[in-house]
């Protein structure tokens with residue numbers, strides 16, 4: 001069976017969804033379990049934004065320089081970062097107000 005993509009760039013959509021999903025779940029966990037989130041908000045930014053982006057970059061570098069069968073791709077890194085940013089925006093502007101309202 002040939003590896004024919006559904007459409008050009010489907011790989012980038014997958015990267016966006018994977019990292020958006022991971023960051024979104026990290027935000028959801030944080031917001032649900034830290035109702036008084038103002039006191040430890042910096043931890044969420046590190047764990048749900050900075051760490052996934054750093055992990056993505058490290059994986060792309062390792063694929064480029066430590067394997068012979070994979071290559072690093074700046075556009076994969078960009079798609080991963082965009083997924084994290086989209087999940088963060090959704091968590092901040094949709095989930096956070098909803099969870100705070102549910103708390104009151």
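Computed from the coordinates by the stated procedures, all read-outs in this text should not be read as laboratory data. Here the structure is a predicted model, which means the values were calculated and not measured. For neighbour counting, all protein chains shown are included, and Cβ atoms are generated from backbone atoms with ideal geometry for every residue, glycine included.
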Cα-based Rg then Dmax for the chain, in Å, read 16.4, 56
Using only Cα atoms, find the angle between the long axis of helix 10-33 and the longest principal axis of the chain, and express it within 0 to 90 degrees, rounded to the nearest 10.
-> 20 degrees
Quick one: order 41, 26 by neighbouring beta-carbon count within 10 Å, fewest to most.
-> 41, 26
Between residue 32 and residue 3, what is the FRET efficiency for a Förster distance of 41 Å, r being their Cβ-Cβ separation, to the nearest 0.05?
-> 0.55
Helix-derived [θ] at 222 nm for the chain: sum -39500 (n - 2.57) over DSSP H runs of at least 4, divide by residue count, nearest 500?
-> -21500 deg cm²/dmol
Once both axes come from the Cα atoms, what is the angle between helix 74-90 and the longest principal axis of the chain, in degrees from 0 to 90, rounded to 10?
-> 20 degrees
Ranked by Cβ crowding within 10 angstrom, fewest neighbours first, how are 45, 98 ordered?
-> 98, 45
In the Gaussian network model of the chain, springs joining C-alpha atoms below 10 Å, which of 30, 75, 16 carries the largest mean-square fluctuation?
-> 75
Cα-Cα pairs in the stretch 54-104 separated by more than 16 Å, as a whole percent of all pairs, come to 55 percent
